[in-house]
Amino acid sequence: MLKKGFLVLILFLFIISVVKATVGVGITYGNEELFLNEFKENCITYKIYNPFDSDVTATVDVGGGIASLVTKIEPKQLYLPGFIGLDNDTVAKLANNKETKVCFKPNTLRWPPFYPVIISGVVLAKAARGDVSGTGSATVSSVQAPLTLRIGSMKIFYNFIIILVIIIALIIIFVLRMKKKLPKRKRKYCEKCEKKFSAKNKFCPDCGGKLEPIE
């Protein structure tokens, strides 16, 4: 009796594992890198496919360092009906797909400004059984595609440095010219103390002698 119960348990676990194995999605992509120019959005397209016989809803997300640079995912959820073709027809399984577009925009508030950076992360596709909406359904399986964002270029960084140097030089020139235009503070001189004092004084604060205007 104990042996029969054990065999039933093993069979039950095996059936569950088989059922779980037939639910999920795959992801196909052409590039693992995406180049981003300053101030511009750039997108990459993925195909989420369902090679199994169960209907699923795939939710697309982004993980890793690139997550903060995402501007939009269109669509974020995709309903994928179960595959009804032959088991060995790989091409047909891959064709049972829908496209999603993931877009990124660089963060210009980085240090040093406009210096090129490389950030790595992943694009995720999580599958939930059936036709669902929202985030309430439990994820059955997930797949991911690596993605590296290459932001900016040394050419843009050098151009920024040149412009910055020119702006600083112009500010310095402006300040120096303004300083020359300011009226000079008048002074008087005490021959006895051999010191300069404010032109407001008629007599030397130290010795009491008469102060002479400085030409």
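The values are calculated or read from the model by the stated rules, or taken from the named source; none is laboratory data. All figures in this text were calculated on a predicted structure; none of them were measured in a lab. All Cβ positions, glycine included, derive from the backbone under ideal geometry; neighbour counts span all protein chains shown.
Restricting the range 108-117 to residues that are out of contact with any strand residue (DSSP E or B) (no Cβ under 8 Å at 6 or more places or on another chain) and surrounded by 12 or more Cβ atoms within 10 Å (Cβ to Cβ), which is farthest from residue 33 (Cα to Cα)?
Ranking the qualifying residues of the range 108-117, first place goes to 113.
Given the range 47-137, what strands (runs of 3 or more DSSP E) lie entirely inside it while holding 2 or more residues that are touching a Leu at 6+ places or on another chain (Cβ under 7 Å), hydrophobic (A, V, I, L, M, F, W, C) and under 20 Å from residue 28 (Cα atoms)?
56-64, 117-129
Only one of these is at pLDDT below 85 and more than 22 Å from residue 141 (Cα to Cα): 36, 7. Name it.
Details: 36 fails: at pLDDT below 85.
It is 7.
Kindly provide the set of residues from the range 120-130 that are buried (at least 20 other Cβ atoms within 10 Å of the Cβ) and under 23 Å from residue 147 (Cα atoms), ordered by number.
Once the filter is applied, which keeps residues that are buried (at least 20 other Cβ atoms within 10 Å of the Cβ) and under 23 Å from residue 147 (Cα atoms), the range 120-130 yields 121, 123, 125, 126, 127.
Taking the condition of being without any contact (Cβ under 8 Å) to a residue 12 or more places away in the chain and in contact with an Asp or Glu (Cβ under 6 Å, 6 or more places away or on another chain), how many residues in the range 101-127 meet it? Let's see the steps before the verdict.
Our first condition is that a residue be without any contact (Cβ under 8 Å) to a residue 12 or more places away in the chain; within the range 101-127, this holds for 109-111.
This time we only want the ones that are in contact with an Asp or Glu (Cβ under 6 Å, 6 or more places away or on another chain), so: none.
Here the count works out to 0.
Out of (1) over 14 Å from the mean Cα position of the chain (by Cα); (2) touching a residue at least 40 places away in the same chain (Cβ under 8 Å); (3) surrounded by 19 or more Cβ atoms within 10 Å (Cβ to Cβ), what's the single condition that is false for residue 83?
Failing condition for residue 83: (2).
For the range 92-106, state whether one or more residues are at pLDDT 90 or above, surrounded by 13 or more Cβ atoms within 10 Å (Cβ to Cβ) and of a type in the set (S, T, N, Q).
Looking through the range 92-106, at least one residue is at pLDDT 90 or above, surrounded by 13 or more Cβ atoms within 10 Å (Cβ to Cβ) and of a type in the set (S, T, N, Q).
So residue 86 fits all but one of (1) modelled with pLDDT under 90; (2) under 30 Å from residue 156 (Cα atoms); what number is the exception?
(2)
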